[in-house]
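Notes follow once the structure below has been shown.
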Amino acid sequence: MAQYYIFGPTIDSWTYDAHMAINVFRSTFRRTKLPDLSDKDLPNSTKDSNNDDGGGGIDVVKIYRSYDKGPGLSTAPRWIPTPFSQFEITVYPDNLPQSSPTKHFKKWIDQDLESFNNGHPRTVLGEIVVSEETAKHLIAKIPTTTILDNSDKTNNKDITINDLKQFKPLHLDENIILKLHGGGYVACSPTEDRSISWRFSKDCKMRVFNPDYRLAPDYPFPCQLIDTFVVYMQLLSSGFKPNNIFVSGDSAGGNLALSLVQLLKHLGLQHQYPKALGLLSPWTDVKTAGQSVHKFYNIDYLNYIDDANPLAISRLFVAPNKPFDKEVRDLMEHPLVSPNFANFNGCPPMLIQVGDKEMLLDDMARFVEIQQENDPNLIIVWEPYKDMTHVFNKFFKSEICELAFENFKKFIMSYVDDNGLYN
């Protein structure tokens, strides 16, 4: 506080709230200096990264978790007066990818199939968030003749709050948002994401489904993508139409949203693409190759550890406890890991909101440049916000944050078929 009044804000245009929030997050995310390790410190073993090393050296999974127990800073405003409920869906064989885009998929898919066949199927949890305003709106607006019962036939009952908490459509053409939380694939959950899910629900008058996907380094790539794919396919199996699903993600969640579309493309499921993507500061290159990562390090709040360190988030995500060899480098450039190396020709429209002072700016700008070269007809709405940082509208209130939310709403609603339920 004293710094603000004596020296002024970090950036002249920042309000007091912006200055305080960003500085608090910067000190929180960088509160602990991780050890400066190298590949020579890794276990002398070829065992899987999720097993004990069995051969000396440091297990980076264990050491990361030991440093990941600080007080932290919860961004979950539990005071939000909104109905929300947890969902739990079973991982069925039909909802898993039916082929393995990389060898890394096979191991995890085989584990899920074995668990299912042994009678102990894995489940994926998550939250359904509905703002109070949206709950009242949907209850008042949805015609009783369009409500689906358990047999997928219409009936004439009025919907209730309890109906809003179910993992099935309220009516034949219900629009929803599948929201994928950020956290570098190593942290956070739908709980921390509840504030922004609530805001999207309020603005767009939709229910928001937020899966609690598995986290690295305990569950590295492609576990997060498999979980998201399972949830997406379960939404379709439950009666939601792909044309009524909007996918949103911030930071690593933005990476995951793009990777979900890329996986659908790889599997030949283009007919099941979501309607559009709303992305907030998506992580498009896990190598963080752009110069902005250094240029804006003292302005933005993200932490940065060079990929040479086994504790770098990129390595914890793709290959914990593995040496930084050609195989790992190639995996970091796989289209399902780093969207900058994918081709989104023919994919859904996307909105990308970024701060023009954020560390990932160059990588995201490069993503737009590459995709527009690949497909000049691909709709990408690129929205940089002056003097803002990474996922800026998630942490404090200001006019520019309100503008970003309003533009997000306008983008989503521009792709909603007007059936009278969303106005």
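Just so you know, all these numbers are worked out from the coordinates, no wet-lab data involved. As the structure is a prediction and not an experimental result, all values here were calculated from the model. Cβ coordinates were reconstructed from backbone atoms using ideal geometry, including for glycine residues, and neighbour counts include every protein chain displayed.
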For the peptides 309-318, 109-118, what is the packing order when you average, over each peptide's residues, the other Cβ atoms within 10 Å and list the highest mean first?
-> 309-318, 109-118
Under a GNM of the chain (C-alpha, springs under 10 Å), which listed residue has the highest mean-square fluctuation: Ile128, Ile245, Ile11?
-> Ile11
Selection from Leu264, Val337, Leu42 lying farthest towards where the dipole of the stretch 2-413 points positive, charges on Cβ = Leu264
Cross-link partners among aspartates and glutamates for Lys410, C-alpha distance below 17 Å, same-chain residues fewer than 8 apart left out?
-> Asp203, Glu383, Glu399, Glu402, Asp418
What shape does the stretch 2-413 take by its C-alpha gyration tensor, where a ≥ b ≥ c are the square roots of the eigenvalues and a/c under 1.5 counts as rounded, a/b above b/c as prolate, and the rest as oblate?
-> oblate
Could you tally the net charge around Pro93, taking each other residue with its Cβ under 13 Å from the Cβ of Pro93, Lys/Arg +1 and Asp/Glu -1?
-> -3
Of 323-335, 209-221, ordering from highest average Cβ density within 10 Å down gives 209-221, 323-335
What list do you get for Leu180, Leu378, Leu267 if you sort them by fewest beta carbons within 10 Å?
-> Leu267, Leu378, Leu180
Kyte-Doolittle at least -1.0, axis length at least 18 Å by Cα - qualifying DSSP helices, the chain | 16-29, 223-237, 252-266, 361-374, 399-413
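Given the rule -39500 (n - 2.57) for each run of at least 4 DSSP H residues, summed and divided by the residues of the chain, what is its mean residue ellipticity at 222 nm, to the nearest 500 deg cm²/dmol?
Values: 14 runs with 144 residues, N = 423.
Helix contribution divided over all residues of the chain: -10000 deg cm²/dmol.
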Go ahead and set up a Gaussian network model of the chain, Cα springs under 10 Å, then flag whichever of Thr228, Thr90, Thr102 fluctuates most.
-> Thr102
Of all C-alpha pairs within the stretch 104-260, those more than 26 angstrom apart amount in percent to 31
